[in-house]
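Presented below is the structure to which this report refers.
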Amino acid sequence: MKNFLSVDDLEIETVANLITQAIKFKEGSELPKFCGTVVNMFFENSTRTKHSFEMAEHKLGLHTMNFDVSTSSVNKGESLYDSVLTMQALGADVAVIRHGDNDFYETLKPLNISIVNAGSGCGSHPSQSLLDMMTIVDEFKTIVGLKVVIVGDIRHSRVAMSNMKLLKRMGAQVYFSGPEKFFDESYLDFGEYIELDDALKIVDVVMLLRIQLERHEDAMKTTQETYHELYGLTEKRYESLLDHAIIMHPAPVNRDVEISGCLVESKQSRIVEQMTNGVYMRMAILEKIMEEKK
């Protein structure tokens, strides 16, 4: 695994091994230490992904560089390729990149530096997808046969794009819900559309998504108050969940929009646990890349 670009590139055995290793890290197994440098290059805003990668790098003994887009030569017209080429020339071993282009990594494949996709436009978010799979396995010990509903702004969510593919490949029954204008018939290759109130009564996992207003055209915007009433996980809807069902959300959470604020840290919520798991999964990903670079 020279690069970590998309869930499409990952064999299920590789996914299973990364989940197993991440859980071992979480349970306190001895940590490997590496000599190497990782540069974090975030061209879009991030809290959880950026800082969990930084923490993962710290725990693995890696030196971390943070590429500041606002003060870089990007503002002089430097291309992404040349920015990453520069980091390679300076001695960085791995570049963790978030970028608005869905396929930004395609032009970077000829480089020797390893590329980790930390979120690409509306296209994919493979490390978030794997930490989500880890969270489910940690809870249920398997994904096979579980019923999972993905709710919300599916059309603009890179998390949804990665998760629907990986969940199906790993044996889950996938459902979609939320505003129909955020749904596309192509998603039916991975699951079926169902009304939210019907879904909540049968699923094991509820995956909520943020409304990504920054990626919307004006015609697609939905008022937050209307959304919460029609498609949000309200306190009343929470009561209809199966006792063992869990709530997930990649965050940031818009409280009282896609989920009532009081439910973010509720008994059945795993939203905070996902954040914790993000560190361990990203450790497993970086370990795999650094082992193979040796």
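The values are calculated or read from the model by the stated rules, or taken from the named source; none is laboratory data. No experiment lies behind these values; they were computed from the predicted model shown. Here the Cβ positions follow ideal geometry from the backbone for every residue, glycine too, while neighbour counts run over all protein chains shown. Accessible surface areas use protein heavy atoms only, side chains included; no ligands, DNA or RNA. Shrake-Rupley method; radii C 1.70, N 1.55, O 1.52, S 1.80 Å.
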- With x for Gly and Pro, the residue-by-residue ³J(HN,Hα) of the range 184-198, computed from phi through the Karplus equation 6.51 cos²θ - 1.76 cosθ + 1.60 at θ = phi - 60° and given in whole Hz, is 10, 4, 5, 5, 5, 5, 10, x, 10, 7, 8, 5, 4, 5, 6
- Item | Solvent-accessible heavy-atom area per residue, rounded to whole Å², over the chain at 1.4 Å | 44 Å²
- Task: For a quick protection proxy, order the peptides 250-259, 99-108 by their average other-Cβ count within 10 Å, most packed first.
- Result: 250-259, 99-108
- Query: Say the dipole of the range 47-187 comes from +1 at the beta carbon of Lys and Arg and -1 at that of Asp and Glu; which of A172, V74, I154 then lies farthest toward its positive end?
  - Reply: A172
- Charges only on Cβ, +1 for Lys and Arg, -1 for Asp and Glu: so what's the dipole of the range 126-270 about the Cα centre, in debye to the nearest 20? 480 debye
- Query: What's the angle, to the nearest 10 degrees (0 to 90), between helix 80-89's Cα axis and the longest principal axis of the chain?
  - Reply: 50 degrees
- Taking the Cα-to-Cβ direction at Y81 and at Q268 and moving 7 Å from each Cα, how far apart do the two end points lie in nm? 5.1 nm
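About its Cα centre, how strong a charge dipole does the chain have in debye, to the nearest 20, once Lys and Arg get +1 and Asp and Glu get -1 at the Cβ? Each step should come with its number before you reach the end.
On the way: 31 positive and 44 negative charges, 160 e Å.
The dipole of the chain has a size of about 760 debye.
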- Burial-style ranking of 229-235, 24-30, 153-159, 134-140, average other-beta-carbon count within 10 Å with highest first, yields 153-159, 134-140, 229-235, 24-30
- Query: How high is the relative contact order of the chain, in percent, with contacts defined as C-alpha pairs under 8 Å that are six or more residues apart?
  - Reply: 22 percent
- Item | With every protein chain in place, the chain: carbon and sulfur % of accessible area (1.4 Å) | 47 percent
- Message: Among DSSP bridges having both ends in the chain, what percentage is antiparallel? Round to the nearest 5.
- Response: 5 percent
- Query: Against the longest principal axis of the chain, how steep is helix 271-293, in degrees 0 to 90 to the nearest 10, with axes from Cα atoms?
  - Reply: 30 degrees
- Message: Give the separation of the Cα centroids, the range 245-294 to the range 52-125, in Å.
- Response: 22 Å
